[in-house]
Amino acid sequence: MTSTSLRHRFPGVSDGWARFDAPAGTQMVDVSIEATSAWMQSTSLACSGGWFEASQATGDLVGRARDTVGRLFHADPAGVVFGPNMTTLTFAVSRAVSATLRPGDRVIGTRLDHEANVSPWRYACQAAGADHVLAPFDPTTGTLPPEHVIELIDERTRWVTLPGASNLLGTAPDLRPIIDAAHAVGARVYVDAVALAPHQRIDIAALGCDALVTSPYKWYGPHSGLVWIDPDLMEELPAFKVRPAPDHGPGRFETGMPNFEAIAGVEAAARFLLEEDMDRVAAYEMAVFEPLLSGLQSIRGVTVYGPRGLDGRTPTAAFRIDGVEPADVARAMAADRIAVWDGHNYAVEVVESLGLTDRGGVVRAGLARYLDPDDVQRLLRVVERLAAWS
Ligand SMILES: Cc1ncc(COP(=O)(O)O)c(C=O)c1O
């Protein structure tokens, strides 16, 4: 193992609970809590854009946060847009895209996606008379072979919307060949990196996507969202904004006043990840995850969904226990102070593809930087007990 758990940096796990609910939202890291609180206690609370000191400090905070987020994702900070959450931002971007679509155009998504990267695009297509097509993943391996998307891409395609990682199965598809195929026909690519950003280094410049969205509350910051949009594309897209709002730059998509308190916390959380180094975060998490995955796979009566090995995935496991409803598994875990989610977790298309829609979906257990090998053993003991009874 490359390092030890950082549990001591997360007040939210000081009560002894094993918080495997990280894919739904992580606990905030100490520096992010402190930065949020320090901002609220400061004399700088104001709207940005004015001549007085507090207003200038607020503007500086947002600029600093764009820079730090740009460094974290290796992207031009001028493309960083802050917002309330991924879903709201994706509705905003897809609404702008909708105004550029024509009847017969195509938007291609995937069935591996969280619903927040499906429904907004469906509405955008409906409004424009365009087609919304979803590429299937392979339900037996939980993987998304790039060809499944590439073979749907043609000259009618305007946008391809992809999952950085599945929030349910952990699958992290190989995006680069799909992005290249999309660009070859002049299409744009939108990546939902909400379930990827907490676990792996993201290099937007190398990936070459046109927009990428993430939620800082999944990577140790406060509840909020951010989307990076290629700055040239951002100028072209017809943003829905009030007339006095900025005509250029990220302000076009930041409707109304941003949540400056949260932005202070986002900046600190991004700095935390830069200091920790995403490759080290990934190495630690995968080392803790390996016994969880292999342990679940070895228990009789347990079915694990998604990629079998550690490659091409994030440390999120989805499973069922024969004869026990996922909700009952989650309830039994809660009685032992272990937090997991059950059901579809908004991965509606994934659960339907697995034929589990009417069967309670799956149990989902995901890692974060504050979980350690003892937490994994606690979870496995409950699964063994439930599997032995069933
Ligand atoms: C992969 C993925 N995409 C999108 C979302 C929606 O994010 P938000 O809550 O920021 O709207 C989630 C939330 O769980 C998610 O896991």
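The values are calculated or read from the model by the stated rules, or taken from the named source; none is laboratory data. Computed from a predicted model, the values in this text were never measured in an experiment. Neighbour counts run over all protein chains shown; Cβ positions are idealised from the backbone, glycine included. Side chains are part of the model used for accessible areas, which takes the heavy atoms of the whole protein and leaves out ligands, DNA and RNA. Shrake-Rupley method; radii C 1.70, N 1.55, O 1.52, S 1.80 Å.
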| said: I'd like to know which of Val133, Leu226, Gly301 lies farthest towards the positive end of the charge dipole of the chain, counting +1 on Cβ of Lys and Arg and -1 on Cβ of Asp and Glu. | reply: Gly301
| Can you pull the accessible area of Leu134 for me, 1.4 Å probe, Å² to the nearest 10? | 40 Å²
| query | In debye to the nearest 20, how big a dipole does segment 31-275 give about its Cα centre with +1 on each Lys and Arg Cβ and -1 on each Asp and Glu Cβ? | reply | 440 debye
| Of all DSSP beta bridges located in the chain, what percent are antiparallel, nearest 5? | 50 percent
| task | Please calculate the 1.4 Å probe accessible area of Arg369, with all protein chains present, and give it to the nearest 10 Å². | result | 10 Å²
| query | In segment 55-165, if every C-alpha pair distance is counted and binned at 10 Å from zero, what percent goes to each bin? | reply | 13, 34, 31, 17, 4, 0
| task | Read phi for every residue in segment 352-361 and hand back ³J(HN,Hα) as whole Hz from Karplus 6.51 cos²θ - 1.76 cosθ + 1.60, θ = phi - 60°, with x for Gly and Pro. | result | 5, 4, 7, x, 10, 4, 8, 10, x, x
| In Hz, Karplus ³J(HN,Hα) per residue of segment 114-129 (6.51, -1.76, 1.60; θ = phi - 60°; x = Gly, Pro) | 5, 4, 5, 10, 10, 3, x, 6, 5, 4, 4, 5, 4, 5, 9, x
| Percent RCO, i.e. relative contact order, over segment 203-292, from Cα pairs under 8 Å lying at least 6 residues apart | 22 percent
| note | The answer for segment 31-275, accessible area per residue at 1.4 Å probe in Å², is 40 Å²
| remark: In deg cm²/dmol, rounded to the nearest 500, the helical mean residue ellipticity at 222 nm of the chain, built from -39500 (n - 2.57) for every DSSP H run of length 4 or more, is -12000 deg cm²/dmol
| How much length, in nm to one decimal, is gained on full extension between Arg64 and Asp154, taken as 0.36 nm per residue of separation minus their Cα-Cα distance? | 28.4 nm
| query | What is the distance in Å between the Cα centres of segment 90-157 and segment 176-232? | reply | 15 Å
| said: I'd like the accessible area for Lys218: 1.4 Å probe, protein heavy atoms, all chains in place, Å² to the nearest 10. | reply: 20 Å²
| task | Working with all protein chains in place, sort Trp17, Trp39, Trp51 by solvent-accessible area computed with a 1.4 Å probe, largest first. | result | Trp51, Trp17, Trp39
| query | At what distance in angstrom do the alpha carbon centres of segment 237-300 and segment 311-390 lie from each other? | reply | 24 Å
| Put a dot 7 Å past each Cα toward the Cβ at Thr140 and Arg385; how far apart are the dots in nm? | 3.7 nm
| request: Could you grab the Rg to Rh ratio for segment 104-172? Cα atoms only, Kirkwood for Rh. | output: 0.97
| query | How compact and how long is segment 31-275, expressed as Rg and Dmax of its alpha-carbon atoms in Å? | reply | 18.1, 60
| query | Sorted by mean Cβ packing within 10 Å, highest first, what order do the peptides 335-344, 155-164 take? | reply | 155-164, 335-344
| Taking a point 7 angstrom from the Cα of Arg201 along the C-beta vector, which residues in segment 282-318 have backbone N less than 14 Å away? | 282-284
